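The values are calculated or read from the model by the stated rules, or taken from the named source; none is laboratory data. These figures come from a predicted structure and were not determined experimentally. Positions of Cβ are generated from backbone atoms using ideal geometry, with glycine treated the same way; all protein chains shown enter the neighbour counts.
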Amino acid sequence: MPFKVVQTLEGKKYKLFTIPSGWESNNILRYPNKCISKYLKDENSTPTLDWDVIKCKVKRTDVLSYENGEKLVSEMLKHSDTEDDVDNYTQRRRSHNKSLNLNPIAQDMMGNVVLTNRNTDIASSSADLPIELNYNLVYTEDIQANSTNTSQVFSNDTTPLVQDSVSFDISKMFENQKQILDNQATILSQIYQNRQQQLDNNSAIIAQIQSLKNVQNSFIQKVSALSVQMEDAVFQITSSYNQDVQTLNSSKGHVENIPIYEKPVDSAQELDELENQLSDPNNRDCLKNRYSILCSGGKAIDCAYMLVDVMFTRKFICECSWSGGQQR
């Protein structure tokens, strides 16, 4: 970014400065309050809000370096064009100021409004009295022979303090407004995130409630099934209790209720005695009724083995022949 040579008016004298191009915009110069030498030679430096605001006139542009700008300033000071500009500027200002100028009245009104309402609504004050009313624009022709360009010169002798204050306050107001909007956007974003998290938590709670409801329904169905089974079991037990039951006392005379005890045959002599008892029909029927209890159910061969085990000892069975041969 190159440098510029600008001209400012202090009192009734013009002064020339070499500045970075970014310091000047629309014939408005922003000048630092401190560390001037540090910023002045840095072509990439940019003004901040706390810099002074000064009206100026651009004399030269596209200066490659600060040193070249200082050489141009020295050459311009050697010529009388600057003094001619002052005289010409004064004469033209007097000729054009013959008409009624209401700018001083507007400036006084603006100053009173700003000083009394600095902490209230500066935007409304600046809207009622526009900044453009603080100065008049007077166009003068450069009297140099080699120059035909028309330059813009301000009619005020010095920079109005009210204008600087209003410009600074408006910039500060816009900066505060932007910060407020950023804070509001952050708060709204946080509120949206909290609301979204709350909705997610509610969805999780609803899902858990639905799961518990399904478990409850399954539990109720199982309890209902068990209840039906219990009712069926109670009905069967009650039905079996209602059947007629005959006690033992009422059937003592039956053959199956008579105590059975027969000593197993252990020798050939006892076998002969058993044969003698079987020769009597009464004894044979009595033994038949007694042993019929053991053979009341099952296969015939199983019943036969059972009778052999009851009627004969193992020792005697081993001494007998079961193949049809003679007895020992």
(request) Can you work out which of the residues in the range 6-31 that are among the hydrophobic types (A, V, I, L, M, F, W, C) and either more than 18 Å from E67 (Cα to Cα) or at pLDDT 85 or above (or both) is surrounded by the fewest Cβ atoms within 10 Å (Cβ to Cβ)? (result) I28
(message) All but one of (1) closer than 25 Å to I170 by Cα; (2) in contact (Cβ under 8 Å) with a residue 40 or more places away in the chain; (3) out of contact with any Ser or Thr (no Cβ under 6 Å at 6 or more places or on another chain) hold for E43; state the number of the condition that does not hold.
(response) (1)
(request) Sort out which residues of the range 32-43 are under 15 Å from G69 (Cβ atoms) and either within 49 Å of the chain's Cα centre (by Cα) or part of a strand (DSSP E or B) (or both), and write them in order of number. (result) Y39, D42, E43
